[in-house]
Structure formats: C-alpha cells, structure tokens
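A.B. asks: I'd like to ask you about the structure that follows.
The values are calculated or read from the model by the stated rules, or taken from the named source; none is laboratory data. These numbers come from a predicted model, not from an experiment. Quick reminder, even Gly has a Cβ in these numbers, built from the backbone with ideal geometry, and neighbours come from all protein chains shown. Each accessible area value is taken on the protein alone, full model and side chains, heavy atoms only, with ligands, DNA and RNA left out. Shrake-Rupley method; radii C 1.70, N 1.55, O 1.52, S 1.80 Å.
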Amino acid sequence: MDKLNLNKHISGQFNTELEGVLNQVLVMGGLVEQQLTDAITAIHEQNMTTARQIVANDHKVNALEVQIDEECTRIIAKRQPAASDLRLVLAIIKTITDLERIGDVAKRIGMMLLDNANKKQPPLVSMENMGRRTVRMLHESLDAFARMDVEAAIEVHKEDEKVDREYESIIRELMTFMMEDPRSIPHVLNVLWCARSLERVGDRVQHICEYIIYFVKGKDVRHISDEDIHSMLD
C-alpha cells in the first residue's frame with residue numbers, strides 16, 4: 001500500500017481489502033499476458049496444442065474478472081470510498097474490463113488457428129512481430145500498474161504508434177497475398193481480423209496506462225495526444 005502512496009485509513013481492514021484487490025488484478029494481468037504470449041507463439045509455430053490450451057484457459061480470465069468486479073462492488077457499497085480511494089476502485093474496474101477483452105483476443109486467435117489448421121497460410125512474420133510488441137506493452141503497463149508509475153505509463157502509452165504502423169504494413173502484405181491467390185481470401189480475412197485484434201490490444205494497453213494516470217493525478221487523459229498528456233501533467 002505504502003509504495004502506491006494510498007491513503008491510510010482508520011480501518012486497517014480497508015487497506016487489506018484494497019491490497020487484496022490490487023494483487024488479484026496483477027494475477028489476472030499475468031494470466032492474460034501468458035495467454036497473449038501463447039497466442040503469438042501459436043501463430044508463429046502453427047501449434048494447435050497451444051491453441052487448444054489458450055481456448056480452454058479463457059474461463060480462468062473470465063472468472064477473475066467477475067471475482068474482482070464483485071469485490072470492487074462490495075468495497076464501494078461497504079466502504080463508500082472517496083477521492084483517491086474511489087479513483088483507485090474505478091481504475092481497477094476499468095482495467096479488468098480491458099484485460100478481459102485482451103484475453104478474448106488470445107482466445108479468438110486460438111480458435112482461428114484451430115478452424116484453419118492445415119490450410120495454406122499467408123506470411124505471418126510481421127504479425128508475430130506486432131504481437132510481440134503488444135505483449136511487451138502489456139507487460140510494461142502491468143509493471144507500471146503495480147507501482148502506479150505515471151512516467152512509465154506515459155512511455156508505454158507512446159508505444160502504440162509503432163503498433164499502428166506495423167498494423168498498416170500487415171494490411172498491405174495481406175492485400176498482396178489475396179491478389180496473388182484469390183482462393184485464399186476467406187482465410188486471409190480471418191488473419192486480417194487477428195491483426196486488427198492485436199492492434200486493438202495496443203489500444204487497450206493505452207487505456208490501462210490512462211487509468212494509472214487518472215488514479216495518481218486525478219486527470220482524465222482519454223482521447224488526448226501524448227504531447228498534450230505531458231503538457232496537462234506539467
């Protein structure tokens with residue numbers, strides 16, 4: 001608690017409850033990070049065993065979201081938090097929503113691989129590179145969340161521009177692949193969906209960074225450019 005500069009409360013139990021919820025978020029984040037890492041590996045290796053494992057493990061992510069959400073609801077009802085405590089609970093609720101959506105991306109990548117096993121694959125090297133970048137972003141955002149480090153959150157937030165550029169490059173590659181082999185169009189559309197989903201992971205990681213800033217600084221920086229975020233926080 002102290003390392004996050006959270007308020008001290010008359011009730012030590014309140015501190016314990018907040019710490020417990022924060023730890024649960026990090027557990028959920030670690031599971032989602034592993035799911036996404038496995039999904040990228042499965043893409044690269046066309047590993048159907050890994051793909052099936054990803055799909056099977058998605059329920060664990062969903063269960064954690066429900067568990068944390070219920071605990072946050074209980075805290076709001078019982079403790080009626082205000083100021084930074086309320087911001088923290090709201091940031092947690094929003095963060096687990098984005099983490100669950102990232103988990104859904106990993107699951108659907110696994111399902112796409114299973115549905116298209118043994119079919120001709122378009123070149124996926126660029127998508128693997130973009131996927132690895134999103135995994136790094138997620139890892140760094142969770143690290144920033146654990147420390148409620150605003151500067152680290154801002155740096156991760158900037159990385160999404162690189163993901164967007166890689167996504168645009170992948171679209172061009174897939175368009176070329178479809179023109180060379182029109183029979184591949186149905187499958188390429190699935191791959192295109194995966195690329196779009198990974199691009200959205202970058203956006204969701206940005207959201208997590210924005211929640212960190214909201215908790216620490218009390219400022220809503222959604223839909224604001226990186227340059228404007230710096231000027232707002234100065």
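A.B. asks: Loop-only trypsin sites (Lys or Arg not before Pro) in segment 174-234, please: DSSP not H, G, I, E or B, and at most 16 other Cβ atoms within 10 Å. Mind showing how you got there, number by number?
C.D. replies: Numbers: sites: ARG183, ARG196, ARG200, ARG204, LYS217, LYS219, ARG222; in loops: LYS219, ARG222.
Loop-located and lightly packed - LYS219, ARG222.
A.B. asks: With only alpha-carbon atoms counted, please give the Rg and Dmax of the chain, in Å.
C.D. replies: 19.4, 69
A.B. asks: Quick one: Kirkwood hydrodynamic radius for segment 148-234, alpha-carbon pairs, angstrom, one decimal? Provide the component values of the computation, followed by the final result.
C.D. replies: Working: mean 1/r = 0.0683 Å⁻¹.
It works out to 14.6 Å.
A.B. asks: Which of the helices in the chain meet the span-like rule: DSSP H, Cα axial reach of 27 Å or more, Kyte-Doolittle mean at least 0.0?
C.D. replies: Working: long enough: 12-45 (50 Å, 0.23); 48-79 (47 Å, -0.38); 83-115 (48 Å, 0.64); 125-147 (34 Å, -0.43); 160-180 (30 Å, -0.70); 185-217 (48 Å, 0.38).
Result, helices passing both filters: 12-45, 83-115, 185-217.
A.B. asks: At a Förster radius of 25 Å, what calculated FRET efficiency corresponds to the Cβ-Cβ distance of ASP220 and ARG196, to the nearest 0.05?
C.D. replies: On the way: r = 27 Å, r/R0 = 1.06.
Once rounded, the FRET efficiency stands at 0.40.
A.B. asks: Calculate what fraction, in whole %, of the accessible area of the chain sits on carbon and sulfur atoms when a 1.4 Å probe is rolled over the protein chains. Walk me through the numbers before you get to the answer.
C.D. replies: Values: 5780 of 11320 Å².
Carbon-and-sulfur percentage of accessible area, whole number: 51.
A.B. asks: Normalised by the residues of the chain, what does the relative contact order come to in percent, with Cα pairs under 8 Å and at least six apart? It would help to have the intermediate numbers written out before the result.
C.D. replies: Values: 252 pairs, mean separation 57.8, N = 234.
Normalised by residue count, the contact order of the chain is 25 percent.
A.B. asks: With the other protein chains left in place, how much accessible area per residue, in square angstrom, belongs to the chain at a 1.4 angstrom probe? Don't skip to the end; give the middle numbers.
C.D. replies: On the way: 11320 Å² over 234 residues.
That works out to 48 Å² per residue.
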